[in-house]
Amino acid sequence: MRSRIFSVFLSVVLLALLVSGPSLAQDEWVVRSSSQSVPDTVARLEQAIERSGSRVLAVFDHEAAAQEIDYVLAPTTVVVFAQPKASLPLIEANRRLAIEMPQKILVWEEDGTTYVGYVSPFSMVGRYALDPAQPEIEALRSSLDALVSAALSRPERRSGIAEAQ
């Protein structure tokens, strides 16, 4: 009888883990859609990063890499950038966290829509035993959100008067 109860309990726990696993991973992502193409969104994102005082370290164009081996991949680009004021105190608290830094934002096209996404910095709290109230975590989240918002904002339009001058 005990064995049967244990088996049922174990089955329920395993089923719960299987069902919740993908949703937990999905919940770590913050994703927004863009009205611009992937290249235009990436360009605006790079500009926003530079304007914020952060530094673009690399841009990985996976579509271009795929073309080099005759593989077809929809536009997919990762922008890697440094935010040392927020990230270095976290790395100092736990060196393993350095694998999560620098920050990354993914821009991709899926079914004709451009998306911009990043993994929430709060996902690191449990993985690295960080204090969720640590201000640098909120600073990273706030910064990522502001950068994405800036990349998605509508380009400024000049009036006919300004263009004529």
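Looking across region 20-42, the residues that are small (G, A, S) and modelled with pLDDT under 95 come down to S20, G21, S23, A25. Among the residues of region 88-118, the ones that are closer than 14 Å to A151 by Cβ and over 11 Å from the mean Cα position of the chain (by Cα) come to 2 in all. Exactly one condition in (1) more than 18 Å from L140 (Cβ to Cβ); (2) out of contact with any helix residue (DSSP H, G or I) (no Cβ under 6 Å at 6 or more places or on another chain); (3) not acidic (D, E) is false for T77; which is it? Looking at each condition in turn, T77 falls short on (2).
Would it be correct to say that P102 is in contact with a Ser or Thr (Cβ under 9 Å, 6 or more places away or on another chain) and surrounded by fewer than 19 Cβ atoms within 10 Å (Cβ to Cβ)? For P102, the condition - in contact with a Ser or Thr (Cβ under 9 Å, 6 or more places away or on another chain) and surrounded by fewer than 19 Cβ atoms within 10 Å (Cβ to Cβ) - is met.
The residue that is surrounded by the most Cβ atoms within 10 Å (Cβ to Cβ), counting only those in region 125-148 that are in contact with a helix residue (DSSP H, G or I) (Cβ under 6 Å, 6 or more places away or on another chain) and part of a helix (DSSP H, G or I), is L147.
Applying the set (1) in a loop (DSSP other than H, G, I, E, B); (2) farther than 18 Å from S34 by Cα to A86 leaves exactly one unmet item: (1).
The values are calculated or read from the model by the stated rules, or taken from the named source; none is laboratory data. Every value quoted in this text rests on a predicted model; they were computed, and no experiment measured them. When we count neighbours, we look across all protein chains shown, and the Cβ atoms used for this are built from the backbone with ideal geometry, even at glycine.
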